Amino acid sequence: MIKALFLWLVAGSAGLFLVNPVSAQSTGFQGFLQRAGSAVSQSASAVLGKKAPASPAGTTTTTGAYFRPISPADGGQFQGLFDHWKQGDAWPRAAIYFTKWGSSLPCWTARATVWRSPTSHHDEMFQVCNAPLVIHDDMGGTQTLGATGGFDPSQTIYKMDSAQNIQGISHADSSNTRDTGPNPPHNLFSLNWGTHQALLPQYHEILLRAMYACGYEDPTSKGINVMAGKTLWVVGFDQAGNADAGANP
């Protein structure tokens, strides 16, 4: 009898929550259930290996290769430029100038000025795309990296924006002047964005892939190493190449 009464009370209490949504909403309980259900659903999707979360707001992705040579068609010297670089080497160096770009453009076109010595340099053209950047580890596993996700996502963007070429420690720099070289500016990747903050999410994603393409970063790196001594920098943007509708860079 007592057991039956207990079960009746439990069923009645549950019924209060199920048949009285107005009361539940007024107490915030319905919102709690919705949030809890969403969290459970997301967790279950992750466990079951369903589709990964969408890209960060402000970025557009594409499929295929993240580095696409234009001239020369075989990739030239920029691709893998630093693969054989050794600590203390002053060369090679590379300066990137974006000729077609935009906050909603998945592939940016770039011209890289590659330096092999203070007097020897040439230009190469290529696209860098916000396509999956898959890194293979030594254990046979893979990981998809991005500026907002990877080995150390909380530090990746900060390290990009704070990377400096410290005169006397790495190489001589050209102060705040941004040009194609041979000496880099003091701030390697951080530019004065003014009112164009919407460009930043895609810029960081594209820049990260350019770093991996040239070997500034490698698959063994746990995040960006701005003190390695490799010399890569961004010169700026061709104002005629802005693909954002209505933008006035």
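The values are calculated or read from the model by the stated rules, or taken from the named source; none is laboratory data. For clarity, every value in this text was computed on a predicted model and none was experimentally measured. Note that we place each Cβ from the backbone using ideal geometry, even for glycine, and neighbour counts take in every protein chain shown.
When you scan the range 93-134 for strands (runs of 3 or more DSSP E) that lie fully inside it, which ones turn up with 3 or more residues that are aliphatic (A, V, I, L, M) and assigned by TED's automatic domain parsing to the domain that holds Ala73?
By residue number, 93-100, 107-115.
Does the range 137-152 include one or more residues that are among the aliphatic types (A, V, I, L, M), part of a loop (DSSP other than H, G, I, E, B) and at pLDDT below 85?
yes
Only one of (1) modelled with pLDDT under 80; (2) within 19 Å of Asn183 (Cα to Cα); (3) in contact with a Leu (Cβ under 7 Å, 6 or more places away or on another chain) fails for Ala94. Which number is that?
Failing condition for Ala94: (1).
Tell me which residues, restricted to the range 108-141, are within 15 Å of Asp238 (Cα to Cα) and among the hydrophobic types (A, V, I, L, M, F, W, C).
Result: Trp108, Ala110, Ala112, Met125, Phe126.
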